[in-house]
Each structure stands twice: as C-alpha cells, then as structure tokens.
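Working notes, beginning with the structure itself.
The values are calculated or read from the model by the stated rules, or taken from the named source; none is laboratory data. In this text the structure is predicted, and so the values were computed from the model without any measurement. As a convention, Cβ positions derive from the backbone with ideal geometry for all residues, glycine included, and neighbour counts pool all protein chains shown. Heavy atoms of the whole protein, side chains included, go into the accessibility calculation; ligands, DNA and RNA do not. Shrake-Rupley method; radii C 1.70, N 1.55, O 1.52, S 1.80 Å.
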Amino acid sequence: MTRRLCLVTGASAGIGAAFAQVFASRGYDVALTARRAERLTDLAEQLRLRHGVETLTVAADLAEPGAVDRILGAISEQGRQVDALVNNAGYGVPGAYAATRWEDQAAFLQVLITSVAELSHKTLPGMIANRFGRIVNVASVAGLAPGSAGHTLYGAAKAFVVRFSQSLHLENLNNGVHVSALCPGFTYSEFHDVTGTRAQVSQMPKWMWLGADEVAQAGFEGVEANRPMVVPGAPYKAIATLAKLLPDEWGMALMARQSSRFRRA
Ligand SMILES: NC(=O)c1ccc[n+]([C@@H]2O[C@H](COP(=O)([O-])OP(=O)(O)OC[C@H]3O[C@@H](n4cnc5c(N)ncnc54)[C@H](OP(=O)(O)O)[C@@H]3O)[C@@H](O)[C@H]2O)c1
C-alpha cells in the first residue's frame, strides 16, 4: 500500500524539520522544501534510515512566484500527490516599516501569505477528492495579539494565517480534510538568528520558550483532532485568552511597553 505523503515547507530548520520528523514517525512519506538543499538531503537521509519512509526534496525559494508550481510539479512527476501540508516557512523583517525596502516586504508577503494560500488552493482539491487531508498552517501568538512597532507585517501576516485557516476549517468540515492554525510563542529554532533579534530574545525568561519538537507534536495532534487553532504550552494558552479579553488599546499599550524586548523597531 502506498503511504500518504506530507509536504513540509521550511523543512531545513526548526519547527519545519521537527514536523518532518513527526509525520515520518507516523508513517508518512515526506516531501521537504526550503532553499538550503544540503540541509534537506541530510534530513531526508536521516528520516529514511530512522523511519523507513520515502522522501523527496525540492530546493525552492518561496519568494519566487513560480516556486509553488515547481514544488508541486516535482511531487507529481514522482506520481505522488500531497495528502498532508505543513505551511511552515517563515521569518521576520525587522525595523520600522518606512525604513525597510519594499522588495523585502514584497518577498515577505509572497512567502508568508501568498505561498500559504497558493499551496493550500492547489493541494485541497486532491485531498477533497480522496476524502482525506491534513493542513497545518504555522501562524504565531503574534497573530492573536495586537500590533506592535517593528516587524510590521509579521503580526498582520500571522493574523491572516489564523483567519484563513478558520475559514478553510469550516469549508471542509465532514469531508475528511482537517485544517488547523498552529500558534506557537517563542520557540528554540534559527528564527531569531535569521531575524537578528537573538541578543534581545535571549533575555526572555526560560518559561517563555518552547521546543520545536513539542510545537510540531502539538500541531500534529491538533490537526488529527481537527482543532481549528492550536496554541502549544500553558503560558501561551493564557496569553491567547488574555489577548481575546483585553480591549485593543490596553493590549497595544502593553505591546508598546514590552515589544522592544523581542522586536527591532
Ligand atoms: N521560532 C519562534 O519563536 C516562532 C514563534 C512563532 C511562530 N513561528 C513560525 O514558525 C515557522 C517556522 O519558523 P522557525 O522558528 O522554525 O524558524 P527557522 O528555524 O528560521 O526556520 C525557518 C524555515 O523557513 C525556511 N524559509 C525561510 N525563508 C524561505 C524562503 N524564502 N523560501 C523557502 N523557505 C524559506 C527556512 O529555510 P531556508 O533558509 O533553507 O530557505 C527554514 O527552513 C515560521 O512561520 C515562523 O514565523 C516561529
């Protein structure tokens, strides 16, 4: 019997690599994509040896508009289709909006919003036809909190991912396709090195940090249970609830005081 296939974006590091481990450990073949090809082939080799699954790697830059078609083309060339999708690739653009380059913001929107919407749109019909599908869209608690100065589009993009996932979740009730938004808080990965905030965030208390493995595990369990939103870790469940209850002006005042601890404005 052919195993199901899970496509993970941003699989070369952090939460994406952890998702690839979790899905492979549950018997899925995995298609791994990111820009760093060598990282992908190393992980693929590891997953083949450890879990006996088939793997496919596609090096692609999701900031390039044709990337999604190239990734899905490489999968269909192998006679496969995507049964599970983890839209995980992401990063932040530090600084105040006016001080950044539009090219960087446009690439950010392409990776964090357009590719998420496009991959979902192009893989959903096959999932619906098979009456089986899993989509995990990796958002963030930043998508649940009020806006903050710096990394301007990040919270907005993650709020998009949350709302988009909720709509997809409702459109696909009772057809075997599960859709969840995963909203982690601070997670050990390469994210803060890439974003240039490592020095700042290393001051954050230990209880605020999650492991990439526990985040991916929570995401897997959440989408299996078809929960529309998954917030890993008790502290972040409390923060998510607080963000819902607080009036936005209070939340924004709190963010104005606190965000310099983790954002570069
Ligand atoms: N870490 C946190 O504290 C945290 C908290 C909440 C949410 N998140 C979200 O979790 C997701 C994963 O982040 P992470 O923490 O695991 O960070 P990470 O360790 O930096 O991994 C990010 C992944 O995204 C890939 N990526 C970045 N730009 C890409 C592009 N243009 N095209 C293709 N792939 C690209 C990277 O691969 P290449 O560089 O090889 O392309 C890498 O595999 C992101 O969506 C992030 O917003 C993270």
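Checking Arg3, Arg39, Arg35 one by one, the residue that is at pLDDT 95 or above, in contact with a Phe, Trp or Tyr (Cβ under 8 Å, 6 or more places away or on another chain) and either within 12 Å of the ligand (Cβ to nearest atom) or open to solvent by 30 Å² or more (accessible area, probe 1.4 Å) (or both) is Arg3 and no other. Flag: Ala216 matches the condition of being open to solvent by less than 10 Å² (accessible area, probe 1.4 Å), part of a helix (DSSP H, G or I), within 14 Å of the ligand (Cβ to nearest atom) and within 21 Å of Arg26 (Cβ to Cβ). Filter the range 1-45 down to residues that are assigned to a loop (DSSP other than H, G, I, E, B) and basic (Lys, Arg) and give me whichever is nearest to Val215 (Cα to Cα). Here the residue is Arg26.
Only a single criterion out of (1) under 23 Å from Val136 (Cβ atoms); (2) part of a helix (DSSP H, G or I) is not satisfied by Leu242, namely (1). Does Ser202 satisfy the criteria of being out of contact with any Cys (no Cβ under 9 Å at 6 or more places or on another chain) and farther than 29 Å from Ile135 by Cβ? Answer is yes for this residue.
When you scan the range 224-235, do you find a residue that is within 17 Å of Val138 (Cβ to Cβ) and part of a helix (DSSP H, G or I), even just one? Yes - at least one qualifying residue is present in the range 224-235. Would you check if Asn226 is under 27 Å from Ala20 (Cβ atoms), touching a residue at least 12 places away in the same chain (Cβ under 8 Å), surrounded by fewer than 17 Cβ atoms within 10 Å (Cβ to Cβ) and under 20 Å from the mean Cα position of the chain (by Cα)? So Asn226 fits the description; yes. Kindly evaluate Gln105 against the criterion of being open to solvent by 20 Å² or more (accessible area, probe 1.4 Å) and either out of contact with any Phe, Trp or Tyr (no Cβ under 6 Å at 6 or more places or on another chain) or over 21 Å from Gly16 (Cβ atoms) (or both). Against the criterion (open to solvent by 20 Å² or more (accessible area, probe 1.4 Å) and either out of contact with any Phe, Trp or Tyr (no Cβ under 6 Å at 6 or more places or on another chain) or over 21 Å from Gly16 (Cβ atoms) (or both)), Gln105 does not qualify.
Go through the range 6-21 and count every residue that is open to solvent by 10 Å² or more (accessible area, probe 1.4 Å) and either more than 9 Å from the ligand (Cβ to nearest atom) or out of contact with any Asp or Glu (no Cβ under 7 Å at 6 or more places or on another chain) (or both). Total satisfying the criteria: 5. Pairing residues of the range 150-172 that are over 21 Å from Thr100 (Cβ atoms) with residues that are part of a helix (DSSP H, G or I) and at pLDDT 95 or above, at Cβ distances under 6 Å and at least 6 apart in sequence or on separate chains, gives Val162/Gly143.
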